[in-house]
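Each remark here refers to the structure printed beneath this line.
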Amino acid sequence: MPARSPEAEAQDKVRATLYDVMAFAAEWFQGRLAAGSGRSAREYLTGRGLTDDTIREFRLGCAPNNRSALKEALLARKFSKQQLVDAGLVISPEDGGDTFDRFRNRIMFPITEPRGRVVAFGGRALDDAPAKYLNSPETSLFHKGRLLYNLTRARASVRDEGSVIVAEGYMDVIALHQAGFANAVAPLGTAVTEEQLDLLWRLAPEPIMCFDGDKAGFN
């Protein structure tokens, strides 16, 4: 085996720490959903027919309507501001102003990599925000064109069923799972990429595509 370079080892250490940041953030969002500030988010999820068991299984959470609540919680755990920026959880303004939480007043959907570690989030707005859904930016952990939502959980069912269902979004996948279709996955807010298609064809010979009949679905 070739010797690893010091640069590669340093990058591995950075990524390992960012996994810790994302794991804490996922737990923190779950706690906010269960708290009083998560009432509107809970009402939305139950209104969509999700059970408490499903909400727990998918580790759904809530980002409060606050510019710095998550940042303060993470800093209190001794993570650095730069780590929060590198993880995509806070935004550092170009004008040099103070950093602030990327996700506010949103239902939070953790996105995991093949080993089940949280690498990103999708957030569904609870108000009239310009972007109904907001995803984490590309980071050293997260490359949205290479991952599929729910693949870690769905893999065993895909193997047993011999098929994979590709839905359009997070809620579609969760509703399908709750209805007994545990072999459902979704792209991450973009058109299906070549890398995702390659992954799907390795999972099943004929992926079942279940997209909305609008322009986004056809694209």
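The values are calculated or read from the model by the stated rules, or taken from the named source; none is laboratory data. If you're wondering where the values come from, they're calculated on a predicted model, not measured in any experiment. Positions of Cβ are generated from backbone atoms using ideal geometry, with glycine treated the same way; all protein chains shown enter the neighbour counts. These accessible areas exclude ligands, DNA and RNA; they are computed on the full protein's heavy atoms, side chains included. Shrake-Rupley method; radii C 1.70, N 1.55, O 1.52, S 1.80 Å.
Computed quantities for the displayed model
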| quantity | calculated |
| --- | --- |
| Residue that is modelled with pLDDT under 95 and in a helix (DSSP H, G or I), where the choices are Ala8, Ala25 | Ala8 |
| Helices (runs of 4 or more DSSP H) contained in the range 30-96 and holding at least 1 residues acidic (Asp, Glu) and under 22 Å from Glu138 (Cα atoms) | 81-86 |
| Meets criteria (open to solvent by less than 70 Å² (accessible area, probe 1.4 Å), in contact with a Gly (Cβ under 7 Å, 6 or more places away or on another chain) and charged (D, E, K, R)) for Arg102 | yes |
| Subset of the range 126-166 that is among the aliphatic types (A, V, I, L, M) and within 17 Å of Leu89 (Cβ to Cβ) - its residue that is surrounded by the fewest Cβ atoms within 10 Å (Cβ to Cβ) | Ala131 |
| Number of positions in the range 209-219 that are open to solvent by less than 80 Å² (accessible area, probe 1.4 Å) and either at pLDDT 90 or above or basic (Lys, Arg) (or both) | 1 |
| Condition met for His177 (closer than 27 Å to Leu84 by Cα and either open to solvent by 20 Å² or more (accessible area, probe 1.4 Å) or not small (Gly, Ala, Ser) (or both)) | no |
| Of all residues in the range 15-62 being touching a Leu at 6+ places or on another chain (Cβ under 7 Å) and small (Gly, Ala, Ser), the one that is surrounded by the fewest Cβ atoms within 10 Å (Cβ to Cβ) | Ser40 |
